[in-house]
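Novice: Have a look at the structure that comes next, please.
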Amino acid sequence: MECLFPKRPLGRFGKVWNLYKTLKRYRPDVVFAHATIPAFYVRALPLPAPVVYVMHSATNDFESQMFRRVERLLSHRARAVIAVSPSNIDDYVAAVGRHPSMSLIPNDVDMSRFGLRTRTPVVDCTQIVQIGRYTSVKNQLSTVHAFRQVVERVPDARLLLCGVIEDPAYRAAVADLIEKLGLSARVTLDGPRSDVADLLFASSVFAMPSRSEGHSIAFLEALASGVPVVASTIRPFAFAADFPNVHLCDPDDIDAYADALVLALGEPRAHRPLGGLTLADTAARYLAVARQVTQALPSTTAPA
């Protein structure tokens, strides 16, 4: 796998030109365009390779009137459309109409890194971890509010927040709330981490109070690790409702959220069946789409 990055930030037209030159140089058999704006760019180019548009936004991109208009113009340029969640399909059909070749391929988890049976956890039995971008949709503020109640009942509990700082103002609001509630000694406010598997295996509870998601990879990784999970009752998490030691609640109900966190702190790890959601499962489905849209992709050739 080769990853290519421009040497400097590019404007809108610079991005299109750079993309065109790159694709012309590599002459891919098929192009998978992940997310709506990249799919706009690549379908605007005169390329012989078939394009597959992959939707994985946590929100409805087609609430934007401009996005709806552009997608209606370019929809025929996608040989296939892939959604990572049923809500992606619903949003697309409502705004654009049903595409002739549309399929649902959920995200996956690498069981060799995150599977409970592949490693022995070294658990800090009082640590709650939330991993996600600092933005209001990830709802770290509710976690901090609930954690104040948790420490009243579990005095040695600690909270670790980490993720990319997408919204600096929101991250500052989280920091201010931690200080205001007198939790600075118990809460660690960290940035992006590359050791997510280690964090999950070192923590006793994984919290994910998101207001919306596409099909969260972080959620799948937590499920695979066996760590007790407390998450919001949004549609993309509903499939895990019956898994052992998974608690879905309304994170805006701070009392209920705190109760679920305290309950989870006392629970052990659990093995959860994730058949159909492994790295191999998803890779096979994407390769099947590549073969479908090219009609002649050799079995030994990986899609670009």
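No value in this document is a laboratory result; all are computed from the given coordinates. Source: prediction; values computed, not measured. Methodologically, a virtual Cβ is constructed for each residue, glycine included, from the backbone with ideal geometry; neighbour enumeration extends over all protein chains shown.
Novice: Against the longest alpha carbon principal axis of the chain, how many degrees, from 0 to 90 and to the nearest 10, is the axis of helix 86-95 turned?
Specialist: That works out to roughly 50 degrees.
Novice: So, one more: Count neighbours as other Cβ atoms within 10 Å of each site's Cβ, and list the GluC sites (Glu not before Pro) in the range 123-186 that are DSSP loop with at most 14 such neighbours.
Specialist: Glu166
Novice: In debye to the nearest 20, how big a dipole does the chain give about its Cα centre with +1 on each Lys and Arg Cβ and -1 on each Asp and Glu Cβ?
Specialist: 1700 debye
Novice: Give me log10 I(q)/I(0) at q = 0.15 Å⁻¹ for the range 111-265, Debye formula, one equal scatterer per alpha-carbon, no solvent.
Specialist: Treating every Cα as an identical point scatterer, log10 I(q)/I(0) equals -0.71.
Novice: Kirkwood hydrodynamic radius, the chain, all distinct C-alpha pairs: what's the number in Å?
Specialist: 21.1 Å is the Kirkwood radius here.
Novice: Give the distance, in whole Å, between the Cα centre of the range 162-198 and the Cα centre of the range 71-103.
Specialist: Computed from Cα coordinates, the inter-centre distance equals 36 Å.
Novice: Taking the highest mean first, how do the peptides 241-248, 227-234 order by number of other beta carbon atoms within 10 angstrom per residue?
Specialist: 227-234, 241-248
Novice: Considering Cα pairs under 8 angstrom that are at least six residues apart, work out the relative contact order of the chain and quote it in whole percent.
Specialist: 19 percent
Novice: Based on DSSP, what percent of beta bridges with both residues in the chain are antiparallel, to the nearest 5? Display every interim value, and only then the final one.
Specialist: On the way: 0 of 30 bridges.
Of the beta bridges lying entirely in the chain, close to 0 percent run antiparallel.
Novice: Here is a further query. Report, to the nearest 10°, how far helix 140-153 tilts away from the longest principal axis of the Cα atoms in the chain, using its own Cα long axis and a range of 0 to 90°.
Specialist: Result, in degrees: 20.
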